[in-house]
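Presented below is the structure to which this report refers.
The values are calculated or read from the model by the stated rules, or taken from the named source; none is laboratory data. Bear in mind that the values here come from a model prediction, so they are computed numbers and not experimental data. Backbone-built Cβ (ideal geometry, glycine too); neighbour counts: all protein chains shown. To get the accessible areas, we keep the full protein, side chains included, count just its heavy atoms, and leave off ligands, DNA and RNA. Shrake-Rupley method; radii C 1.70, N 1.55, O 1.52, S 1.80 Å.
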Amino acid sequence: MGELNTFPLSYKVRGQRIVIVGGGEEALNKARLAVKTTAQVVIISEQVEADFSGLGATVIARRFAESDLDGAALVFVADHGDDGRTAIAAARARNIPLNVVDVPAECDFYTPSIVERAPLTIAISSEGDAPVLARLVRSRIEAALSPRLGAIARLAGSLRGRVAARLGKAEARRFYEDLVTSPAIERAVEAGQGAEAGAALLEAHAGKDGVAGVVWLIGAGPGAEDLLTLRAQRLLQEADVIVHDQLVPQAVVDMGRRDAERISVGKAKGNHTFSQAQINTLIVRLAREGRKVARLKSGDPMIFGRAGEEVAALRKAGIDYVIVPGVTAALAAAADTATPVTLRNVSSGFVMATAHGADDGEVRHWAALAATGMTVALYMGKSIAADVALAFIRNGASGHLPVGIVTNAGRAGRTLYRGTLGELAGGAADFADGPAVIFVGEAVAHGDWAAAATLAAAEFKVA
Ligand code: SAH
């Protein structure tokens, strides 16, 4: 015995009418849904209040008549007056499925929340109990599915005959999986070249070499799961294998497909389990095996992420790759502290630089930039923060220049430090565990570091 009081099904309406009685917002909402089908949508209301123009529906501005239900597949009643009552009785007399808006007890059927990628339709129903929940689930699914999925589904349909003729059952399944998940196919469909790309993919599957893999270099953002892009999330769901750095928190790695293989390539400070050359070799090998590889990096892959070297290796090996940007640590830190890294009349620009391995010449350069008001964001500098501050001063920066440090930006356990170059150079700061961004520049004084004062005093013992 099941527990559903309704039976989910897809109901044919082609060549028939969907009749909507009522002329207000409720009727308009149902009309928007109804016009997604090929049925003729007819709206009947003596008083048409909502704007039905542009929907492609027929609006009949008069009272309801029973004959309006001729040829109707479905009836919606969104009129709480006499016409509504007449329409309800007429639909019942003719056994036409009826929905009375907002009166569940009177309904023969409910309209689920829909994610539409025609011909693919996903319907979410709570049997009328919790429409808000249904809408929430809907928006999550909406975000997880490519907007091109409908066109790709049509493409799959158009290839069915040829696939059946060329491929065995197992290979056909692999082909369809590839077709609906490949970014290359998605791009081709977008460019109106889906048919050619689909045919080429079919050839690849039919050929004895099999299918090429792909590597997606994905920016995971600073660590919070909801700071991933929708594209990153979607590709993580599609990857066969996820190769991730230590800095990417487990919760983000967990967002991948449950049965995907996960490989941690370390690279946390002081824990180099894989050399960069080994990582390059690894992702090339995995892609050559025909796998879809998500190379997950913290922040943005193009910023101190060694994406350049990995991309060079992939290009050399002739492997398809896609880069998905992410929120870089400095911007997460700027958001955490409401620091406008560029600010009219204060900071005309923003530099991201690595403190690790910087020589005096480089520091002199940044010090000069900071003196003009530019904001300098230093990565990989926490353990040498005092030395870096000293180097700035030694190379001409004022000891009064504002400094702000955000440890664990955009993730749990965030801590702030706010002081001056001189104070930091004094070496009193003792930071919490985790990666940190160091801001130097006048703009820091325009941020909201209110929490920093107490944290800095209590935790970092800054005088
Ligand atoms: N590609 C990454 C940077 C990787 S290099 C990005 O775009 O953010 C590693 C350095 O990034 C760390 O030493 C630290 O300076 C910085 N970093 C990474 N995640 C951070 C976070 N959540 N908070 C503060 N700094 C972070």
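Suppose we take every Cα in the chain and form the convex hull; what volume per residue is that in Å³? Working shown, then result.
Numbers: hull volume 101.6 nm³, N = 463.
Once divided by residue count, the hull of the chain is 219 Å³.
In percent, how large is the relative contact order of segment 124-245, given Cα pairs closer than 8 Å and 6 or more residues apart?
Details: 70 pairs, mean separation 27.9, N = 122.
Answer for segment 124-245 is 23 percent.
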Around Gln16, which amide H atoms from residues at least 5 apart in sequence, or from another chain, sit under 5 Å from its own amide H, with H modelled in the peptide plane?
Gln40
How large, in percent, is the carbon and sulfur part of the accessible surface of segment 1-47 at a probe radius of 1.4 Å?
49
Once the dipole of the chain is set up from charges on Cβ (+1 Lys and Arg, -1 Asp and Glu), the residue from the list Thr407, Leu390, Ala251 lying farthest towards its positive end is Ala251
Diffusion constant of segment 17-111 at 4 °C, which comes from Stokes-Einstein with the Kirkwood Cα-pair radius and 1.567 mPa s, µm²/s:
102
Relative to the longest principal axis of the chain, what angle (0 to 90°, nearest 10) does the C-alpha long axis of helix 25-34 take?
90
Which whole-Hz ³J(HN,Hα) couplings does segment 75-80 yield from phi under the Karplus relation 6.51 cos²θ - 1.76 cosθ + 1.60, θ = phi - 60°, glycine and proline marked x?
10, 10, 10, 10, 9, 8
Show that you can apply the helix-only estimate: for the chain, add -39,500 (n - 2.57) for every DSSP H stretch of four or more residues, divide by all residues, and state [θ] at 222 nm to the nearest 500.
-11000 deg cm²/dmol
Running Debye on segment 109-246 with equal point scatterers at the Cα sites and no solvent, what base-10 log of I(q)/I(0) appears at q = 0.09, 0.21 Å⁻¹?
-0.36, -1.24
Compute the accessible area per residue over segment 17-111, keeping the other protein chains in place, probe 1.4 Å, unit Å².
48
Under 5 Å, built H, 5+ apart or other chain: amide partners of Ala220
Lys297, Ser298, Gly299
In what sequence, highest mean first, do 216-222, 43-49 appear when ranked by Cβ atoms within 10 angstrom?
216-222, 43-49
Using a probe of 1.4 angstrom, how much of the accessible area of segment 326-457 is carbon and sulfur, in percent?
56
Against the longest alpha carbon principal axis of the chain, how many degrees, from 0 to 90 and to the nearest 10, is the axis of helix 149-166 turned?
80
With every protein chain kept in the model, how would you rank Thr342, Thr38, Thr415 by accessible area, 1.4 Å probe, largest at the top?
Thr38, Thr342, Thr415
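When you count, for each residue, the other Cβ atoms within 10 Å and take the mean per peptide, how do 140-151, 317-328 rank with the highest first?
Numbers: 140-151: 15.7, 317-328: 19.3.
Highest to lowest by the protection proxy: 317-328, 140-151.
Pick out, in residue order, every one of the trypsin sites (Lys or Arg not before Pro) in segment 278-317 that is DSSP loop and has at most 12 other C-beta atoms within 10 Å; say none if there are none.
The qualifying sites: there are none.
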Could you give the angle, 0 to 90 degrees to the nearest 10, between helix 82-93's Cα long axis and the longest principal axis of the Cα atoms of the chain?
70
If N is the number of residues in segment 214-327, what value comes out of its Cα radius of gyration divided by 2.2 N^0.38 Å?
0.94
List, in order, the whole-Hz ³J(HN,Hα) value for each residue of segment 347-352 obtained from phi through the Karplus relation with A = 6.51, B = -1.76, C = 1.60 and θ = phi - 60°; use x for Gly and Pro.
10, 8, x, 8, 10, 9
Rg and Dmax of segment 347-404, using alpha carbons, in Å: what are they?
10.2, 29
If amide hydrogens are placed 1.01 Å from N in the peptide plane, which non-local residues have theirs closer than 5 Å to the one on Val59?
Ile43
Once you treat every alpha carbon in segment 149-206 as an equal point and sum by Debye, what is log10 I(q)/I(0) at q = 0.15, 0.28 Å⁻¹?
-0.35, -1.22
What number, in nm² with one decimal, is the all-direction average of the projected area of the convex hull of the alpha-carbon atoms of segment 331-461?
6.6
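Please calculate how many Å² of accessible area segment 149-206 carries per residue, with a 1.4 Å probe and no DNA, RNA or ligand atoms counted.
Working: 3090 Å² over 58 residues.
Heavy-atom SASA per residue in segment 149-206 reads 53 Å².
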